[in-house]
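The values are calculated or read from the model by the stated rules, or taken from the named source; none is laboratory data. Since the structure is predicted, the reported quantities are computational estimates derived from the model, not experimental observations. Please note: Cβ atoms are built from the backbone with ideal geometry, for glycine as well, and neighbour counts cover all protein chains shown.
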Amino acid sequence: MRFDPASLTFNDAGLIPAIAQEVDSKEVLMLAWMNVQSITQTLETGRVTYWSRSRQAFWIKGETSGHVQELVELRFDCDRDCLLVMVRQTGPACHTGRRSCFFTAVEDGKERELTKPI
């Protein structure tokens, strides 16, 4: 059966959340948004492409920073309303210069920074 990105469940803005995970380490890197066109482009090129809500434009991860996400596998959940993008990450995934955007933990009611920028 051929995959049709339009078969996924998108929000009212035509977007679906996409969690990027490093394929080898299984580390969760970031959350971003995709639409039908960015999913199609990602599958065609192998370069992960998101939709930037702030810029209202496509965002090819690493296009300006060099911190590329190479697509290994695209998965979707049972409700078809969330994506898991398995990638090979070059450099940091977070715009703060950290490997992952999930670098803050809550412990005993306090925030704790887990990692510093690379």
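Using the structure shown, decide if THR42 is surrounded by fewer than 14 Cβ atoms within 10 Å (Cβ to Cβ) and β-branched (Val, Ile, Thr).
Numbers: surrounded by fewer than 14 Cβ atoms within 10 Å (Cβ to Cβ): no; β-branched (Val, Ile, Thr): yes.
Considered against the rule, which asks whether it is surrounded by fewer than 14 Cβ atoms within 10 Å (Cβ to Cβ) and β-branched (Val, Ile, Thr), THR42 comes out as no.
For the stretch 49-95, what are the residues that are more than 15 Å from ALA32 (Cα to Cα) and of a type in the set (Ser, Thr, Tyr)?
THR64, SER65, THR90
Within the stretch 1-16, track down each residue that is surrounded by 14 or more Cβ atoms within 10 Å (Cβ to Cβ) and either in contact with a strand residue (DSSP E or B) (Cβ under 6 Å, 6 or more places away or on another chain) or on the phi > 0 side of the Ramachandran plot (or both).
LEU8, PHE10, LEU15, ILE16
Would you check which residues across the stretch 71-111 are surrounded by fewer than 10 Cβ atoms within 10 Å (Cβ to Cβ) and part of a loop (DSSP other than H, G, I, E, B) and list them?
CYS78, ASP79, ASP108, GLY109
Considering only residues that are of a type outside the set (Asp, Glu), in contact (Cβ under 8 Å) with a residue 40 or more places away in the chain and surrounded by fewer than 18 Cβ atoms within 10 Å (Cβ to Cβ), which ones fall in the stretch 18-33? Break it down stepwise before answering.
Taking the stretch 18-33 and keeping what is of a type outside the set (Asp, Glu), we get 18-21, 23, 25-26, 28-33.
After this cut, where a residue has to be in contact (Cβ under 8 Å) with a residue 40 or more places away in the chain as well, the list is 18-21, 23, 28-31.
Hits for the stretch 18-33 are ILE19, VAL23, VAL28, LEU31.
From VAL36, VAL68, which residue is among the hydrophobic types (A, V, I, L, M, F, W, C), at pLDDT 95 or above, closer than 19 Å to ILE118 by Cα and surrounded by 12 or more Cβ atoms within 10 Å (Cβ to Cβ)?
On the way: VAL36 fails: closer than 19 Å to ILE118 by Cα.
None of the other options fit; the residue is VAL68.
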